[in-house]
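Before any comments, here is the structure.
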Amino acid sequence: MELILKTNNENSIAKIIALAKKLDVIIEQRDVMVEHKNEKEELKKRILNFKASGPSSFGDAAEWEHNERADRDISFSI
C-alpha cells in the first residue's frame with residue numbers, strides 16, 4: 001500500500017518520520033515543489049496553445065439573452 005502525505009510544516013514532517021520509524025515503515029521523500037511547478041507550467045502551455053477546431057456552438061450570447069428576456073412579463077407590486 002502507498003500513502004502520500006503533503007505538508008510544508010517541518011515539525012509535522014519530523015513527527016511523521018519518527019512515527020514511521022517506530023512502526024518500521026519505509027519512507028520515501030520527494031521534493032514536490034519541482035513536480036508541482038512542472039505540472040503548472042505544462043498546464044499553462046496547454047491553455048495558451050489551445051486552438052478550437054470550429055466555431056463556438058453557443059452562438060451569440062447577447063442575442064440569446066435578448067431573446068430569452070424579450071417575452072418576460074415583469075409585474076411590479078407596490
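The values are calculated or read from the model by the stated rules, or taken from the named source; none is laboratory data. Given the structure is predicted, the values throughout are model-derived calculations rather than measurements. Every residue, glycine among them, receives a Cβ derived from its backbone with ideal geometry; neighbour counts consider all protein chains shown. Protein only, heavy atoms only, side chains kept; ligands, DNA and RNA dropped before computing areas. Shrake-Rupley method; radii C 1.70, N 1.55, O 1.52, S 1.80 Å.
Quick notes on this structure:
- Value at 222 nm in deg cm²/dmol, rounded to 500, when DSSP H runs of n ≥ 4 in the chain each add -39,500 (n - 2.57): -16500 deg cm²/dmol
- Checking (i) 14.9, 52; (ii) 27.0, 75; (iii) 11.5, 33 against Rg and Dmax of the Cα atoms in Å calculated from these atoms, the matching label is (ii).
- Of all complete DSSP H helices in the chain, those with a Cα span along the helix axis of 15 Å or greater and a mean Kyte-Doolittle hydropathy of -1.0 or more are 10-22.
- Dipole moment magnitude, nearest 20 debye, the chain about Cα centre, only Lys, Arg, Asp, Glu C-beta charged: 540
- Efficiency of FRET between Ser12 and Lys37 - r from beta-carbon atoms, R0 22 angstrom, step 0.05: 0.50
- Rolling a 1.4 Å probe over the protein heavy atoms leaves Ser57 with an accessible area of roughly 110 Å².
- Accessible surface computed residue by residue for the chain, with neighbouring protein chains in place and a 1.4 Å probe, gives 110 Å² per residue.
- Hits among lysines - C-alpha to C-alpha of Lys6 under 26 Å, sequence gap 8 or more where chains match: Lys15, Lys21, Lys22, Lys37, Lys40, Lys44, Lys45
- Largest GNM mean-square fluctuation across Glu65, Glu39, Glu28, computed for the chain with C-alpha springs under 10 Å, falls on Glu65.
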